[in-house]
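> Have a look at the structure that comes next, please.
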Amino acid sequence: MKEPESLTEKTSEHNDLRIGVYVCHCGKNIGGTVRCEEVAQFATALPGVMLAKDSLYTCSEPGQEQIKSDIREHRLNRVVVASCTPRLHEPTFRAACQSAGLNPYLLEMANIREHCSWVHLHEKDAATEKAKELVAMAVSRVARLMPQFEVTVPVARKSLVIGGGIAGIQAALDMADAGYKVYLVEKAGSIGGRMAQIDKTFPTMDCSICILAPKMSEVGRHPNIELLTLSQVQEISGHIGNFRVKVFKRARYVTDECTACGECIDACPQLVPDEFEAGLSIRRAIHIPFAQAVPSKYHIDMHHCLNNQGIVACDRCFQACQKKCINFADRDQVLEFEVGTIVVATGVDVYDPTPLTELGYGKFPNVITTLEFERLINAGGPSGGELIRPSDRKRPRKVAFLQCIGSRSKRASPYCSNVCCMNTIKDALLIREHWPETEIYVFYIDIRAFGKGFEDLFQRARREGVNFIRGVPGEIIEDINTGDLRLLGENTLLGSHYRYTMDMVVLSVGIQPRKDSASLQRMLNLATDTDGFYMEAHPKLRPVDTTSGGVFLAGAAEGPKDIKDSVTQASAAASRANILMSKGEVTIPAITARIDRDKCTGCGLCARVCPYHAIEGGKELGYYRVVEAACQGCGVCVPECRFGAIDQTHFTDDQIVSQIDRVLANNPHDKILCFACNWCSYAGADFAGVSRMQYPPNVRIIRTMCSGRVSPAWIDRAFAGGIGAVLVSGCHPSDCHYNNANRETARRIERFWKRMERAGINKDRLRLAWVSAAEGAQFAKVISEMHEALARTPADKVHKEADKLREFLSKKSSSQ
Amino acid sequence: MTTLRIWKHFPREDLYECYQCARCTGSCPAMEVAPAIGPRETILKCLNLGHQDVVEDERLWLCCTCNVCEDRCPQKIPISDLLVALRNSAARRGNIPARLVLAVELLAKTGRSMIVHQLDEMRAHHGLAPLPPAPIEEIRELLSKTGFREVIEF
Amino acid sequence: MKYALYLGCAIPIKYPGFEATTRLVCERLGIELVDLPFACCPPGTSMKMVHYDSWLVLAARNLCVAEEAGLDVLTLCSGCVNTLKEANTILKKQDARRRKVNRVLEDHGRHFAGTIEVTHILDVLYQDAVVEKIVRKMEREVPLRVGCHYGCHYFRPPKYMYPEELSPSESYVPVKMDHLLSIIGVEPTEYSRKFLCCGSPLGANMDQDAGYAITRQKLGHIHDRNIQALSVICPSCFEQFDMGQVVLSRKFKDNRKVPVFYLTQLIGLALGMKYRELGLDVHRVKSRKLLEEIGMA
């Protein structure tokens, strides 16, 4: 624990300070509540302040000009603007400073609008006093700010696309067409993905493979695309602009000379269920996934080949191949290359309904899934496009579709899978078109036809006589003699029980995150949402970015999506990557962590909490260092260091402690000190302001980039200094902007509570609250609750507990 | 008073998660053979009309207690707990099937839920000793303290 | 292996044959049974529906009796296991309820501490050590096509009954009876709606005819598979099928009948026990002819 330093000592170091303070009226937005002239007058007397002015609109051209001319004329070397939230105009005023020759990092803003005038509309005196203190806090901080220079790192003009479904194909083509080299990695033997398995597409009923195949061949022949099939990404290191990638490429056992003549298949004695046909038919160990496959080459599934023991026990395919393309000596390889950007397009798995035993999937042959149905009616599928049912290969006369199987369920996936309703309607119409005498029943809960052309398709299905019955069956019973299926359920609109006999039942199964999605998540430091899909950086404004720089999302890996949305998103992701690659370099904000090598003992605790693997080093080296290009500036590592060796640029301990001390200077026992993370809680407090939600004026908010930056030493200092209450607030656990760095916040606060108990302090005085950027009301509620609790605590109790803590801390430090 | 007691035993928030898929009623054996209300409608009525409507309805008791509804519920709504809470409330209002009144009265009077003639002879036929008497005093005292008389006189 | 034998009401009063058989089978298999002053469980189908607090306290009393003897409870009935297992879980997990129940029990010198487990005869017989004993002591196989009926309350709701063995959809699909019977040469036979209720509680509480309508459905599926005998682990299910077939055959002039066995009676057959010894003579649907066909009467 550092010794508390007094304000005067600190400023004496900075006696060459020339700070300009600008208090903005923002029309009546601030000026209607806060007496801005009085605040400016107050600021003039603050240490280091050379001049303080109030203006009607500081952000206006004249307002900015005033700052610029003052910087030039009065040789100002620090600027404080007391106006709105820095999330709005910090870039504006930074640019103004820069154009006047002042380093933009020497600007500090005091948020006297969202955090003051708007939330204390009817308390003019209290709001004015609060504004003064917010300005004073900003002045203390600005005095300690240092000029910073943003570094730029080069971006390699090459990209990696992971996954060769329609999203990966589209992203690869867009980037390759823009002139960048693309590595497209696909784990199957061909690109095409789920779309290649589907018969027709909704809402326009195009033949799926017909519109996909041209794109697939374009990938195959594109000079800028290096297609790696039978391949999986094994390792990714590095950071934005410069990723090092290792890809594991399985042996094909067939050389590039293969012309896909197919002579080898008949020779192969090994039969295997065909995964592309959803297990409905069989293939050989040597095979091509489907007729339109790209690359159009056979490969041997060595797992099922007779030669899987490493010796050639069977060479029938070799004998059958006239061009002698079979090479049993082919070996798996690991390829290594570097890229500047990455697009993740790994797609989805399909829900397996076997656990829902009441539906009999896997037990009753005529209960199938939608994916199986797609293959069943596909001309290239196992039945040659004839609608037959599995048990007796007869044409079903009555077909039922069951919706929401494995979706909207706490027993499977809790979310709506987004594509099943329209897919079923499309399938129903296909049956209608080719086998019009078939009766079709769709058992649904809600039909979600939200997209362009969707409602039309739904209405068409109704007009064409597809029966829609609200209420999914609870149970399916198989007639053991005929294989027919009896469906028991309730028609909720009629309120009556039904029993339908059907020839075939299609379970409209939902889609799920890939089972192996966690490995890529770890490699790329991606966050996942509560459903397990990869999470976007912002759900609205950065929908294809991830929180890892240079990594973008395309297709259903980010959440259930149809083909159109996957393609849209893929093009968006490619475009985002293209921006980086065309610029060729990227600027990193100067808020990264720095390690003082002299103080570092090489313990590695910081590296353990870093969500970006941006801290390198080791015991053998004796120290750790921050990889600046990989550091995202959350600061979670700083409080972890026991030796004070780490600090965060522009958010140093010294700067923040100066703000805390300023809060402690006057009547601290009446005040709530709040630490709010930039992305959620600070924004949530801003939102409370924008919404004019009123809360008590005794809260002082200090901004950090992440709640993980909040050091327990700061909380110690605040309580020892007699603060009434402390609030630490951050993003909700899975929404953290910094890849769940706020897990460390929770851990540290838990530990702090235990310590408070040991020190004999009421632990309710420290609160941890998750407040999202949309939860202004929640922020206001938390502050009001804390205010009420504080109002019940007498000041002398606060002082007594502060004494107790100081005693506890001194005992602790002397025992160490 | 009774209004509050139901929700004391059962978290009402759980009901809001019901989206009326009817998997519960589709699985319900009682609904196939009798005019039971069924969990779906029960929940809907509780939400839209208040539970009074349900607890005064005799059909509330048409149930196998097989719990298959809860087992199939995609929202994992604790339907069995809900039905117990509702029926307890119905019982306090005197809505109890006559057969059930006889059964619980017997239990409160004899400590057992069955009675047969010539029990000792029957047990002897299978080589078993007579059944020791039930600890009826203790049971009756316990029932006096749990408030069983709110529902059944014994 | 030692348990407190929990008989319940239906078995010792209506079907003492099951009690006698179970005692004999357990003795042969080295399972020691101790009789304790238990009372009615009480049933989840009656007492719990009418007055939950009373149900919980009476169940807690039974659990206390077993705790005092330091023995796990062995039940023979799906209803009893349902009540006692659920109450045991709730009282162990929910502090407020436990405190409330203990306040009532304390006047009688009892205190629920949560030190024992509740189990069912099927789960006890299914243990490896017991199965090995059955194999060793078996005198003959029982070559019958048997349909197993578990009884809803034996396994539902699974959150109380088998919380450790949930399926991926968080349900529980019982298989132990089928597996156990296959050991004694039975051919366990699947049939449609195997886990459908027998109809007993609906019949007992409200509407006898409606209850039997469910039984009839279930019997239809059983006949479809040419099942020769039913195996049950609950006296209420037994009564519903045994008595039910007599009622239904009269009403619908259907002469197809399938004898019903309590699980330990089938095990007893394999261990060499006789028709009368197993109490099969008092069943309404007679099994003598069927057993003669396979040379076992």
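Each value in this text was obtained by applying a stated rule to the coordinates, not by laboratory testing. Everything numeric in this text was worked out from a predicted model, so none of it was measured. Positions of Cβ are generated from backbone atoms using ideal geometry, with glycine treated the same way; all protein chains shown enter the neighbour counts.
> From the residues A:GLY633, A:THR652, A:GLY617, which one has its Cα farthest along the dipole of the stretch A:613-656 in the positive direction, the dipole being from +1 and -1 charges on Cβ of Lys/Arg and Asp/Glu about the Cα centre?
Comparing the listed Cα positions along the dipole, A:GLY617 ranks first.
> If you don't mind, another one. What pairs from A:LYS515/A:LYS564; A:LYS599/A:LYS671; A:LYS249/A:LYS410 go past 28 Å between their alpha carbons?
Those over the limit are A:LYS599/A:LYS671; A:LYS249/A:LYS410.
> Have a look at the DSSP beta bridges in the stretch A:349-512 and tell me what percent are antiparallel, nearest 5.
Of the beta bridges lying entirely in the stretch A:349-512, close to 45 percent run antiparallel.
> What average number of partner chain Cβ atoms lie no more than 10 Å from the Cβ of the residues making up A:488-501?
4
> For chain A, what does the helix formula give at 222 nm: sum of -39500 (n - 2.57) over DSSP H segments with n ≥ 4, over the residue count, nearest 500 deg cm²/dmol?
-10000 deg cm²/dmol, from helical runs alone.
> Let me ask another. Relative to the Cα centre, what is the charge dipole magnitude of the stretch A:287-401, using +1 at the beta carbon of each Lys and Arg, -1 at the beta carbon of each Asp and Glu, and rounding to the nearest 20 debye?
Using Cβ point charges on Lys, Arg, Asp and Glu, the stretch A:287-401 gives about 800 debye.
> Right, here's the next one. What does the C-alpha gyration tensor say about the overall shape of the stretch A:773-816? Classify as rounded when a/c is under 1.5, otherwise prolate if a/b is larger than b/c, or oblate.
It comes out oblate by the Cα gyration axes.
> Read phi for every residue in the stretch C:219-227 and hand back ³J(HN,Hα) as whole Hz from Karplus 6.51 cos²θ - 1.76 cosθ + 1.60, θ = phi - 60°, with x for Gly and Pro.
Karplus-based 3J(HN,Hα) across the stretch C:219-227 equals 4, x, 5, 5, 5, 3, 9, 6, 6 Hz.
> Calculate the spin-label point distance for B:LEU49 paired with C:ALA113, positioning each point 7 Å from the Cα along the beta-carbon direction, and give it in nanometres.
5.1
> While we're on this one: Sum up the charges of everything whose Cβ sits under 12 Å from the Cβ of A:SER575, counting Lys and Arg as +1 and Asp and Glu as -1, but leave A:SER575 out.
Taking every other residue near A:SER575 into account, the sum is -2.
> Ok, one more. Report, in degrees rounded to the nearest 10, the 0 to 90 angle that the Cα long axis of helix C:78-93 makes with the longest principal axis of chain C.
Tilt relative to chain C: about 30 degrees.
> Amide H neighbours of A:VAL23 under 5 Å, counting only residues 5+ apart in sequence or on other chains, H built in-plane at 1.01 Å?
A:LYS53, A:ASP54, A:SER55, A:ALA82
> In the Gaussian network model of chain B, springs joining C-alpha atoms below 10 Å, which of B:GLU137, B:GLU17, B:GLU121 carries the largest mean-square fluctuation?
B:GLU121
> Return the loop-located GluC sites (Glu not before Pro) in the stretch A:439-545 (DSSP other than H, G, I, E, B) with at most 16 other Cβ atoms within 10 Å of their own Cβ; answer none if there are none.
Here the GluC sites (Glu not before Pro) that fit, given the DSSP loop and packing criteria, are A:GLU464.
> Which of the lysines could a cross-linker span from A:LYS68 if the Cα-Cα distance has to be under 21 Å and same-chain partners fewer than 8 positions apart are dropped?
List returned: A:LYS53.
> Taking the Cβ of C:PHE195 as the centre, find all other residues whose Cβ is under 14 Å away and add up their charges (Lys, Arg: +1; Asp, Glu: -1).
Local charge sum for C:PHE195: +1.
> Compute a Gaussian network model of chain B, connecting alpha carbons closer than 10 Å, and tell me which residue from B:PRO74, B:PRO132, B:PRO39 fluctuates the most.
B:PRO132
> Cross-link list A:LYS158/A:LYS200; A:LYS132/A:LYS811; B:LYS45/C:LYS194; A:LYS363/B:LYS76: which exceed 29 angstrom alpha carbon to alpha carbon?
Pairs exceeding 29 Å: A:LYS158/A:LYS200; A:LYS132/A:LYS811; B:LYS45/C:LYS194.
> Give me the count of lysine pairs in the stretch C:23-175 whose alpha carbons sit under 27 angstrom apart, restricted to pairs 8 or more positions apart or on different chains.
13
> Mind checking the angle between helix C:235-252 and chain C's longest principal axis? C-alpha axes, 0 to 90 degrees, to the nearest 10.
Result, in degrees: 40.
> Name the long-range amide H neighbours of A:TYR183: under 5 Å, sequence gap of 5 or more, or other chain; modelled H, no Pro or chain starts.
A:SER159, A:LEU160, A:VAL161, A:GLU226
> Once you list every other residue whose beta carbon is under 13 Å from the beta carbon of A:LYS754, what net charge do they have if Lys and Arg are +1 and Asp and Glu are -1?
Charge balance in the 13 Å sphere: +4.
> Explain nothing, just compute: Karplus ³J(HN,Hα) = 6.51 cos²θ - 1.76 cosθ + 1.60, θ = phi - 60°, for every residue of the stretch A:298-315 in order, whole Hz, x for Gly and Pro.
Calculated HN-Hα couplings, in order: 6, 8, 9, 7, 5, 4, 9, 6, 5, 8, 6, 8, x, 10, 7, 9, 8, 10 Hz.
> Now for a separate question. By Kyte-Doolittle mean hydropathy of at least 0.0 and Cα axial length of at least 27 Å, which whole DSSP H helices of chain A are selected?
Flagged H segments are A:563-583.
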